[in-house]
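Here the structure is laid out as structure tokens; the discussion comes afterwards.
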Amino acid sequence: MVYFLLQNGLQCKSVLERKMKRIVLFLVVLLVAPLMAHANYEGKFCSSCTSQSAAEFKAQNYAPHLSCYPLNSSAPMTPDNMQCTSAINTVILVHPSSGTTYGFKVTHEDTFPYDVKTTPFALSQFEKEGFAEAATFYEGLKRVMDRANAQDLSGFNLTWANTSGNISTATSCPDNTALATLVSPEKMSQLDQIATVEIGLGMGEGAAVREKIEKGARFSSTSVSVPAGRSQATFTANIPEGERSLTYQRKFNQSEVAGSLADVIVFNLTFFGWDDNHMPLLDIRLNKGATRIAGSKRLQSLLMAEDGPQTITNPCILEQLKKLASLGQFKKLDGSASRFGPDVGGPSQPDYGDKVTGCTIRFYNARGELQYVFSVPRSMC
């Protein structure tokens, strides 16, 4: 009888322990699952990361800031009287073509000369598969952009697109140029619509890309992100400088200044989803740093005074810039109105002799925002 009671008690204890373990495991899952579900894994594309050693070399570029201070604050900071520290950056590099992923902890050595220190770490299979999906999506999007950027605009019945020849004379200026498009709201609006249509068609042809998008994948010119299976985790891979960005580009055969390189207007993109007509919802913004106009000059340099105000004497460039007068206001540096505009005259040759004593003018758009800064000859001030 005693044996029976002991045996029965042990069995009850064993059943109770199993139930308690299940309850604890269930509670742990409830606590951890939301954290995993909303996790965001972030990496960077790296085309040169074809091996572990190549990736480790690249990871050094993402070293954290090194902060140094003197050990003796009353003495000059020298190698013997200094201490430097830095944080530890977690860097994940993804090779786009293969989807191979490398992980590193990047910091600095503890002693002088405080060289960059990289320590590899292993990624889980879940992480490797997620970043491989992001790489596949990125490669597919590059093909979509290649098709969109190679489209022949003549099919859209735009008289200003796809004409040939470089023309820049005082009596005949081309109107089918990047600059002519840039100063025309109507042409820029057309280009915006064309970009949406072409990218949408490209996505339709890329079945793998469209399938990923329908499952929640998103992209911009500087990153791509994909959901991870059934979880709500997201894998984001950034596109750093030096990698192929996802931009829409339109080249022009005509230019105000003849040259060996074609002028090009470049747009950054951010994709948000689809509209009711199954066309992509895109935020399309001018990439001022990559756009080249009037003889393949950088927009920021020629018209935005990145390297100081540029003096413009080319009659065809001046003729296009005059058109901005209907879209805002030209002002001199002192804030007074400039007479630069259509009333100054046609594309007649300006007085090149007075460009040194010319003036810098600023163009403010209809919202009162400063948009362009450049210099013109004195006769046009």
### Task
Find out how many positive minus negative residues lie around GLN371, taking Lys and Arg as positive, Asp and Glu as negative, among other residues whose Cβ is under 11 Å from that of GLN371.
+2
### Task
On the protein heavy atoms, probe 1.4 angstrom, tell me the percent of accessible surface of the range 86-149 carried by carbon and sulfur.
50 percent
### Query
Given the Cα-Cα distance of ARG339 and HIS65 and 0.36 nm per residue of separation, how much length would full extension add, in nm?
93.6 nm
#### Entry: Per-residue ³J(HN,Hα) for the range 249-260, Karplus 6.51 cos²θ - 1.76 cosθ + 1.60, θ = phi - 60°, Hz, x for Gly and Pro
10, 10, 8, 10, 7, 9, 7, 5, 10, 5, x, 7
### Query
Which stretch or stretches of the range 97-122 have amide N atoms under 19 Å from the point lying 7 Å from ASP80's Cα along the Cα→Cβ direction?
111-114
### Task
In whole angstrom, note down how far apart the Cα centers of the range 75-134 and the range 247-320 are.
37 Å
### Message
Could you check the spin-label model distance between SER172 and ALA87? Points 7 Å from the Cα along Cα→Cβ, value in nm.
### Response
6.1 nm
### Query
Given LYS212/LYS251; LYS187/LYS251; LYS58/LYS212, which pairs have Cα atoms separated by over 24 Å?
LYS212/LYS251; LYS58/LYS212
### Query
Where does the range 221-301 land on the Kirkwood hydrodynamic radius, alpha-carbon pairs, in angstrom?
15.0 Å
### Task
Can you figure out the FRET efficiency of SER51 with SER97, using R₀ = 22 Å and their beta-carbon distance, to the nearest 0.05?
0.95
### Task
Could you list which residues have their amide H under 5 Å from that of LYS117, counting only those 5 or more apart in sequence or on another chain, with H placed in the peptide plane?
THR107, HIS108, GLU109
### Theoretical FRET efficiency, 1/(1+(r/R0)^6), r = Cβ-Cβ of ASN365 and SER73, R0 51 Å, to 0.05
0.50
### Message
Starting from 0.36 nm per residue, how many nanometres of slack lie between GLU129 and GLN329 once their C-alpha separation is accounted for?
### Response
66.6 nm
### Task
Give, as a single signed number, the net charge of other residues whose beta carbon lies under 14 Å from the beta carbon of SER221, with Lys and Arg counted +1 and Asp and Glu -1.
+2
### Query
What number comes out for the charge environment of CYS173, summing +1 per Lys or Arg and -1 per Asp or Glu over other residues with Cβ under 9 Å away?
-3
### Query
Near LYS117, which aspartates and glutamates are there with a Cα under 17 Å away, not counting those fewer than 8 places off in the same chain?
GLU56, GLU109
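The values are calculated or read from the model by the stated rules, or taken from the named source; none is laboratory data. The structure displayed is predicted, hence computed values, not measured ones. Glycine gets a Cβ as well: all are built from the backbone with ideal geometry, and neighbour counts include every protein chain shown. The accessibility values were calculated without ligands, DNA or RNA, using every heavy atom of the protein model including side chains. Shrake-Rupley method; radii C 1.70, N 1.55, O 1.52, S 1.80 Å.
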